[in-house]
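*Asks:* A single structure is presented below for examination.
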Amino acid sequence: MDTFSPADQALFEIDAGIAKHGFHVTAVFGGDDGPLWAYTVGLLETYGHPELITFGLPPQIAHGVIHAIVEQSREGTQHPLGREHPFDVDGIPVCLLPVLDEYWLYPCDYLLGCSHYYGAKGAKVELRALQLVWSDENGRLPWEPQFQRKFAGDQPLLDESGHYTEPDTMFCCDSDGDYCEWS
């Protein structure tokens with residue numbers, strides 16, 4: 001075989017990121033119908049921690065927030081889950097929500113790289129993820145009164161059913177923030 005498919009190349013890059021940093025971050029442009037998002041691959045394997053996903057943040061910012069949560073977890077911080085348990089990351093109120101199983105299944109592919117990676121490795125892990133939900137400029141979370149409407153479509157809440165939109169383009173960034181792109 002002289003060339004690899006884009007999917008093969010993505011798996012090699014994910015594996016290299018996990019080998020180097022313990023996890024890999026994949027970012028996806030949401031297209032006209034939805035926001036962009038970023039998610040981890042490797043936290044389950046490396047740390048036994050659910051994968052993380054966040055929506056509506058530029059890739060560099062999403063990467064930084066995800067990295068902060070991973071570092072806090074490595075240091076032993078256990079954040080409570082659910083809408084009623086916000087906490088601060090770098091002074092910004094955030095919340096971790098359990099992701100429903102439907103977001104792991106076809107045709108939804110918010111976490112497609114996780115499924116492909118663990119499947120290709122034959123890894124026996126229970127696929128689990130947490131959504132990192134961020135607050136608006138006034139520190140309000142999406143379900144709170146007076147949450148800024150301009151951010152209303154930026155974060156589909158994956159603890160609820162039926163919030164899937166098809167992506168346009170995918171690209172990835174490793175834990176150093178380096179990027180590669182594929183469709």
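Values in this text are rule-based calculations from the coordinates and carry no lab data. Not measured: the values here are computed from a predicted model. Cβ: placed from backbone, ideal geometry, glycine included. Neighbour counts: every protein chain shown.
*Asks:* Gap in Å between the Cα centre of the range 94-113 and the Cα centre of the range 30-78?
*Replies:* With the range 30-78 and the range 94-113 each reduced to a Cα centre, they are spaced 12 Å.
*Asks:* Let me ask you something else. Please list, in chain and number order, the residues 5+ apart from Val89 or on another chain whose amide H is under 5 Å from its amide H, with Hs placed from the backbone.
*Replies:* Val94
*Asks:* How high is the relative contact order of the range 6-175, in percent, with contacts defined as C-alpha pairs under 8 Å that are six or more residues apart?
*Replies:* Working: 287 pairs, mean separation 52.5, N = 170.
The normalised contact order for the range 6-175 reaches 31 percent.
*Asks:* So, one more: Please give the net charge around Gln72, taking every other residue with its beta carbon less than 14 angstrom from that of Gln72, where Lys and Arg add +1 and Asp and Glu add -1.
*Replies:* Numbers: positive: Arg74; negative: Glu71, Glu75, Asp88, Asp90.
Net local charge, Gln72 excluded: -3.
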